[in-house]
Amino acid sequence: MCGIFAYLNYNVNRERRYILEVLFNGLRRLEYRGYDSAGISIDSSLPASLSRDPNSPLSLRVPPLVFRQEGRIESLVKSVYENVAATDLDLEESFCAHAGIAHTRWATHGEPAPRNSHPQTSDPGNEFLVVHNGVITNYQVLKETLVRHGFTFESETDTEVIPKLAKFVFDKANEEGDHGVTFSQVVLEVMRHLEGAYALIFKSQHYPNELIACKRGSPLLLGVKEVSEGIAASSFLDFNVLKNGKPKELFLSSDANALVDHTKKVLMIEDGEVVHLKDGVVSIFKFDNDKGKNCGALSRTASVQRALSILEMEVEQINKGSYEHYMQKEIHEQPESLKTTMRGRLIRGGSCKAKSVLLGGLKDHLKTIRRSRRIVFIGCGTSYNAALAARPILEELSGIPVTMEIASDLVDRQGPIYREDTAVFVSQSGETADTLQALQYASENGALCVGITNTVGSAIARNTHCGVHINAGAEIGVASTKAYTSQIVVMAMVSLAIAGDTISNQERRDAVIDGLYDLPNKVRDVLELDQEMKELAKLLIAEQSLLVFGRGYNYATALEGALKVKEVALMHSEGMLAGEMKHGPLALVDENLPIVVIATRDACFSKQQSVIQQLHARKGRLIVICSKGDAASVSPGGLCRIIEVPEVVDCLQPVINIVPLQLLAYHLTVLRGYNVDQPRNLAKMELLNERFISRLRLLGQVILVILLLALKVEAYVERYLMLFLMICDFCPLWVAWPDVFDELGTLSNEIELGNSCLDS
Ligand code: UD1
Ligand code: BG6
């Protein structure tokens, strides 16, 4: 997952060494998101004879420096300082104003390599530089048009079209005599041609000490630190903080983690906004796709007013504290994170008895939800598993049918979603592309959209009709742990809220609410299994595979436990529905394959006992998770390895049962020597999805067809060529024939638009 960061100091002196360190630290804060290369850009030193006057001709200005490196951030840092030493660049040179940009890249288009890393550039003179988070879906069309206008491309990225397009727009304005074209006008015009999801930061030597940020679909925040104000936060809601030209430091990032070191005053940049940092002033323009579409001159858009808000995130929250890894810290933090999730939401009755739940974000929508024809849970990965764990209690308490959808699958199938549905979107980050696409789809189909997310201000929080924040605190480890348990707890509370206060369900409701009160203590107890799980991990260290069987409330625990082992310990692991055991998986059972069976006390307990017996009869190597005191009931002949966990009310048992499996995955990973917090090939949130990839593939095929048609080859030659293409894995083109024609229509419009704009 890419990350972007920028630092601009205005009217406050900062040495080059300081600026570099701020940029590097910003990148370090983004590290957890997963990346394979990184880069930065800063200003170079001016020869004594030259001034930094922005009005001086370009020939008298020195191009900014760009450093890009494959691999870890520390190798970028090393290469920058080596370069500095080799070129005698003065690290003590002081800048009263300076704009620096930085990026961590996670390869999507093109292998990890310096040429594909960001900042991407417009030309060898680095006139325009861009860092990008997201994907540009129409980059092929733009690239072809720019190539026709003489641009040469050095990378395989989709990003490279952006700085080149900026240069093209800038040069064209100047050729036409518009020498006063502003940086924001250039970027607004560039945005008009971009399709896809992106957050961008632009730096240009035509606009020294200025930065532009804009976004559509990918997260981006601005942090503001007024240097003279100390730590007082009195004026945070005042727009003047953004408008005055007082000394300040401004930060841009795709992630709040990179800002909290410096300031808590932030502006969540909205989709379609262009933020221009110049002379200590922050101007915000609203991008309007229609504006300036048909007029020759670049549009002059009025700026809009926005106020800053305060980040509720402490630096300590994102540090590891006494733990070795974030995942370890987050597992052990669960008693606290669960308390925070429930704080202020559980209402006690008289004599300290449980009474009800209050979810501020849902209370005005409960009636509509109760009238729904069905509730659809939608999510990916761990968030999907959390929803699956909560499904039985929601069905039981609400009486409404609850269905499950993996976000990408719903979008692929264009599955039925109706106005009478309540669609619940579960996402830790609130920014996962698949889940966002499903949200857009459900919202277009008229469903009531409810969000359950950990991230205030995220796309899901903003674009759902209502929802609940899980308030689990920042989760840094790529493998979700504390967010999973908080998600289940929030969904149990949502079930209670929907159920309302009827006499018939009172006993059950009270039991669940009492269970919620006691849950953090029970999680604290189960964490005492840490050492035992480490011992078990030592036994399993060399295994190839691990099966996890669960059913009922704990089918989700089986899926999630297996997912944890798979994603961090890089060991093949499958979560299975125990009821399906005899329909296939039983064939795998032998005395070597380790199998975890979840058999805690609930309505399925006796069925799980029978599963254990069947596995045991086939000499299965069993590890059984059972309720305290049940060892003898679940281990025939005492032959199974037993993990005893505290018993809680059945619907909350998945919160307890997942903890030993989280610990097992953690210890297995450490013992196997893998990276716990940034597993291979995984990112905290997944922005680029297969739908984009298949669209790009289709685009490639369409371009090929256009080329064929343009060649005007003889009809029979054309037919044979088509046949040949179909055989060579181009069958999807044939299958998707009607779509191809749709795409062709859109594409020819795009090409016309691109050409008319770039050629005019
Ligand atoms: C809110 C405040 C909390 C305060 C409490 C006092 C926020 C973020 N939360 O918490 O600081 O202590 O009131 O009563 O200001 N929402 C969505 N989609 C989502 C998630 C949330 O639309 O995916 C909406 C909710 O409908 C609600 C708002 O965001 O309007 C805040 O949600 P939440 O934080 O869960 O509300 P409270 O718990 O009431
Ligand atoms: C994937 C992550 O990209 O997204 C998973 O690798 C995560 O760990 C999934 O569970 C869903 O993320 P989110 O933020 O929508 O809960």
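Residue pairs whose Cβ atoms lie under 9 Å apart, sitting 6 or more positions apart in sequence or on different chains, and linking a residue in the range 624-643 that is on the phi > 0 side of the Ramachandran plot to a partner that is surrounded by 15 or more Cβ atoms within 10 Å (Cβ to Cβ) and not β-branched (Val, Ile, Thr), are 629/644; 629/647; 637/616; 638/631. Residue count for the range 435-480 under the criterion of being part of a strand (DSSP E or B) and either hydrophobic (A, V, I, L, M, F, W, C) or more than 14 Å from ligand 1 (Cβ to nearest atom) (or both): the result is 6.
Residues to consider are 547, 516, 540, 559; find the one that is within 16 Å of ligand 1 (Cβ to nearest atom), modelled with pLDDT of 95 or more and buried (at least 16 other Cβ atoms within 10 Å of the Cβ).
Numbers: 547 fails: within 16 Å of ligand 1 (Cβ to nearest atom); 540 fails: within 16 Å of ligand 1 (Cβ to nearest atom); 559 fails: within 16 Å of ligand 1 (Cβ to nearest atom).
The unique qualifying residue is 516.
Might you let me know whether the range 35-43 holds any residue that is open to solvent by less than 10 Å² (accessible area, probe 1.4 Å), outside any helix (DSSP H, G or I), at pLDDT below 80 and closer than 28 Å to residue 261 by Cβ? Outline the logic, then answer.
Quick first cut of the range 35-43, residues open to solvent by less than 10 Å² (accessible area, probe 1.4 Å) only: 37-42.
Checking which are outside any helix (DSSP H, G or I) leaves us with 37-42.
With the extra rule that they be at pLDDT below 80, the set shrinks to none.
The answer is no, given that none of the residues of the range 35-43 is open to solvent by less than 10 Å² (accessible area, probe 1.4 Å), outside any helix (DSSP H, G or I), at pLDDT below 80 and closer than 28 Å to residue 261 by Cβ.
Filtered by the rule that a residue be within 15 Å of ligand 2 (Cβ to nearest atom) and open to solvent by 10 Å² or more (accessible area, probe 1.4 Å), the range 441-467 gives 454, 455, 456, 457, 461, 462, 463, 464, 467.
Of all residues being of a type in the set (S, T, N, Q) and closer than 16 Å to residue 210 by Cβ in the range 1-34, which is modelled with the lowest pLDDT? Just the residue, please.
Step one: of the range 1-34, the residues of a type in the set (S, T, N, Q) are 9, 11, 13, 25.
Among the residues that remain, those that are also closer than 16 Å to residue 210 by Cβ are: 9, 11.
Working: 9: 96, 11: 93.
Among residues in the range 1-34 that are of a type in the set (S, T, N, Q) and closer than 16 Å to residue 210 by Cβ, the one modelled with the lowest pLDDT is 11.
Select from the range 481-505 the residues that are part of a loop (DSSP other than H, G, I, E, B) and open to solvent by 10 Å² or more (accessible area, probe 1.4 Å) and write down the one among them that is nearest to residue 366 (Cα to Cα). Taking the candidates together, the pick is 500. Within the range 469-480, if we keep just the residues that are open to solvent by 10 Å² or more (accessible area, probe 1.4 Å) and of a type in the set (A, V, I, L, M, F, W, C), the residue that is farthest from ligand 2 (Cβ to nearest atom) turns out to be 474.
Screening residue 397 with (1) crowded, with 20+ Cβ neighbours inside 10 Å; (2) away from ligand 2 (no atom under 16 Å from the Cβ); (3) not in a helix (DSSP H, G or I) gives one miss only, at (3).
Going by the structure shown, is residue 424 in a strand (DSSP E or B) and open to solvent by less than 60 Å² (accessible area, probe 1.4 Å)?
Yes: the conditions hold for residue 424.
Can you pull out every residue in the range 77-111 that is polar (S, T, N, Q) and closer than 26 Å to residue 11 by Cβ? Across the range 77-111, the qualifying residue is only 94. Residues in the range 276-315 that are touching a helix residue (DSSP H, G or I) at 6+ places or on another chain (Cβ under 9 Å) and in a strand (DSSP E or B) were compared, and the one that is modelled with the lowest pLDDT is 303.
Pull up the range 349-373, narrow it to residues that are open to solvent by 70 Å² or more (accessible area, probe 1.4 Å) and over 14 Å from residue 493 (Cα atoms), then point me to the one that is modelled with the lowest pLDDT. Walk me through how you get there before you give the answer.
Of the residues in the range 349-373, the ones open to solvent by 70 Å² or more (accessible area, probe 1.4 Å) are 351-353, 355, 358, 363-364, 367, 370-371, 373.
Cutting the leftovers down to over 14 Å from residue 493 (Cα atoms) gives us 351-353, 364, 367, 370-371, 373.
Numbers: 351: 59, 352: 54, 353: 60, 364: 94, 367: 95, 370: 96, 371: 96, 373: 96.
This residue is 352.
Restricting attention to the range 506-552, the residues being in contact with a strand residue (DSSP E or B) (Cβ under 9 Å, 6 or more places away or on another chain), assigned to a helix (DSSP H, G or I), under 19 Å from residue 670 (Cβ atoms) and hydrophobic (A, V, I, L, M, F, W, C) number 5.
Candidates 606, 573, 610, 633: the one that is of a type in the set (Ser, Thr, Tyr) and modelled with pLDDT of 95 or more is 573. If the condition is being among the aromatic types (Phe, Trp, Tyr) and either surrounded by fewer than 13 Cβ atoms within 10 Å (Cβ to Cβ) or touching a residue at least 60 places away in the same chain (Cβ under 8 Å) (or both), then the range 63-101 contributes only 95.
You will find that of 342, 404, the residue that is within 13 Å of ligand 1 (Cβ to nearest atom), touching a residue at least 12 places away in the same chain (Cβ under 8 Å) and either surrounded by fewer than 21 Cβ atoms within 10 Å (Cβ to Cβ) or over 20 Å from residue 425 (Cβ atoms) (or both) is 342 and no other.
The values are calculated or read from the model by the stated rules, or taken from the named source; none is laboratory data. Source: prediction; values computed, not measured. Note that we place each Cβ from the backbone using ideal geometry, even for glycine, and neighbour counts take in every protein chain shown. Ligands, DNA and RNA are excluded from the accessible area calculation, which covers all protein heavy atoms including side chains. Shrake-Rupley method; radii C 1.70, N 1.55, O 1.52, S 1.80 Å.
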